[in-house]
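> Sharing a structure with you now.
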Ligand code: 0X9
Ligand code: ZN
């Protein structure tokens with residue numbers, strides 16, 4: 001796709017769209033000012049699933065309670081059902097206002113808006129045009145391009161946009177307010193291209209087909225920062241038939257869609273949409289993945305809670321192919337040694353159907369993970385932890401990302417077979433020394449372009 005023409009068109013259309021979203025006042029029936037941050041007593045995954053089935057979005061899990069965002073109707077229902085509301089806070093008091101009429105507040109200016117992300121991706125691509133290209137893989141419901149950076153050292157693969165090399169896809173920002181989840185895939189791209197002459201990295205770049213899609217939900221992300229206060233927006237910006245807004249993109253994928261932990265109520269934060277893949281954003285990811293079935297690894301970044309999640313999420317069942325189950329577990333446990341997150345099956349958190357990873361694995365056998373990035377707790381800032389957190393979150397996750405890229409040729413290498421182990425050790429020596437001091441692997445690269 002012709003990058004420059006597309007980029008110019010995007011700049012124009014997104015400026016237009018920005019002004020539309022600034023003047024828009026329609027919120028739908030669950031207006032952000034009606035939403036509350038609540039702490040509810042819940043001791044286990046069954047209770048958490050019941051809460052999630054009420055259409056409440058659970059944001060952090062503690063040993064005997066959860067933090068969630070809910071409207072007054074949902075809170076009443078929870079109380080009627082005997083759940084204890086231990087805390088109830090106004091969302092809007094969580095972060096102060098700022099003077100800019102659009103974008104991140106000055107103290108968070110390192111976070112990228114849609115336009116700043118595009119500029120950063122373009123600069124990166126232009127500096128590394130021999131091994132990367134920037135493509136739009138579709139459009140959001142408001143018409144913004146969904147940008148994907150393709151990294152591949154074979155010119156013909158870049159031109160055709162497809163490859164026989166083992167592929168890995170990294171994506172972020174399915175959920176609008178989870179802004180850290182965009183920064184990490186962007187920094188991963190900057191890291192890989194910034195270290196392309198490092199033998200450990202160049203070997204990877206030569207042998208893998210990498211795609212980075214940092215912002216799957218640009219409309220929601222822009223909406224979240226379009227006034228002088230964060231809006232705690234999660235969904236996309238679909239105008240539903242009844243005038244409410246938004247579908248939860250992580251409930252809209254077409255594998256066991258609508259079978260639990262999502263809602264038919266349009267105003268719910270976990271509204272599943274009218275049908276599987278009803279949304280242009282999830283359609284774009286579906287079509288993209290289905291055009292790139294060389295993909296063996298997929299990582300979808302979310303925030304927050306510091307978790308490494310793997311399928312299934314729609315069911316408490318284990319994966320029936322025991323080699324796959326063991327591979328997921330082994331990979332999650334290995335990555336947890338680097339980022340110190342908790343590795344677990346997604347439904348151990350709570351049941352949720354229609355998420356990216358159940359579909360990617362269930363439909364295409366891709367080893368697909370969700371990372372819930374830092375912070376670990378609501379009290380450390382929840383979705384809005386401040387820009388100071390970004391470097392640390394990236395440092396924590398660079399080795400897990402490199403590990404996934406490495407394994408894209410054959411994730412089963414992690415299984416406990418001697419030949420795989422020795423192969424693995426030599427790979428690790430080539431590009432990562434486990435538990436090495438951070439400085440060996442990490443240098444900030446163009447934190448903000
Ligand atoms: O609920 C989600 O979509 C994800 N958590 S978030 O706080 N970022 O919204 C977790 C999805 C994990 N998948 C399942 N539990 N199925
Ligand atoms: Zn999320």
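What follows is calculated from the coordinates using simple rules that are stated; it is not laboratory data. Fair warning: this is a prediction, and the values are worked out from it, not measured in the lab. All Cβ positions, glycine included, derive from the backbone under ideal geometry; neighbour counts span all protein chains shown.
> How big, in percent, is the set of alpha carbon pairs in the stretch 165-320 lying more than 19 Å apart?
60 percent
> Sticking with this structure for a sec: Would you mind pulling out the separation of the Cα centroids of the stretch 257-281 and the stretch 343-383, in Å?
Each part reduced to its Cα centre gives a spacing of 17 Å.
> How would you rank 72-79, 363-370, 294-301, highest first, on the average number of other Cβ atoms within 10 Å across their residues?
By packing density, highest mean first, the sequence is 294-301, 363-370, 72-79.
> Find the relative contact order for the stretch 106-439 and round it to a whole percent, using C-alpha pairs within less than 8 Å whose residues are 6+ positions apart.
Relative contact order here is 19 percent.
> Can you tell me which of 328-341, 112-125, 244-257 comes out highest on packing, and rank the rest after it, using the mean Cβ neighbours within 10 Å? Don't skip to the answer; put the middle values down first.
On the way: 328-341: 18.6, 112-125: 20.5, 244-257: 24.7.
Descending packing order for the listed peptides: 244-257, 112-125, 328-341.
> So for the stretch 278-394, averaging the separation of alpha carbon pairs under 8 Å that are six or more residues apart and normalising by length, what relative contact order in percent results?
Relative contact order comes out at 39 percent.
> Something else about it: Run the quick spin-label model on residue 88 and residue 164: label points 7 Å from Cα toward the beta carbon, then report their separation in nm to one decimal.
6.3 nm
> May I ask you to derive the relative contact order of the stretch 151-244, considering only C-alpha pairs under 8 Å and at least 6 residues apart, and to give it as an integer percent? Please list the in-between numbers first.
Values: 131 pairs, mean separation 35.8, N = 94.
Across the stretch 151-244, relative contact order equals 38 percent.
> Tell me, what are the semi-axes, in whole angstrom and largest first, of the equivalent ellipsoid of the stretch 137-227 as set by the roots of 5 times the Cα gyration tensor eigenvalues?
28, 16, 9
> Say each of residue 129 and residue 239 gets a label point 7 Å from the Cα, pointing the same way as Cα to Cβ; how far apart are those two points in nm?
So the two model labels end up 4.0 nm from each other.
> Here is a further query. Given the peptides 188-194, 130-136, arrange them by the average over their residues of other C-beta atoms within 10 Å, most packed first. Provide the component values of the computation, followed by the final result.
Details: 188-194: 22.7, 130-136: 18.9.
Highest to lowest by the protection proxy: 188-194, 130-136.
> Further, regarding this structure: Could you check what % of the DSSP bridge pairs in the stretch 106-439 are antiparallel, to the nearest 5?
Among the beta bridges of the stretch 106-439, antiparallel pairing accounts for roughly 35 percent.
> Same structure again: What is the Cα centroid distance between the stretch 146-192 and the stretch 196-254, reported in whole angstrom?
Here the answer is 12 Å between Cα centres.
> What is the spin-label model distance, in nm, from residue 337 to residue 290 if the labels are put 7 Å beyond Cα along the C-beta direction?
Using points 7 Å along Cα→Cβ, the separation is 3.9 nm.
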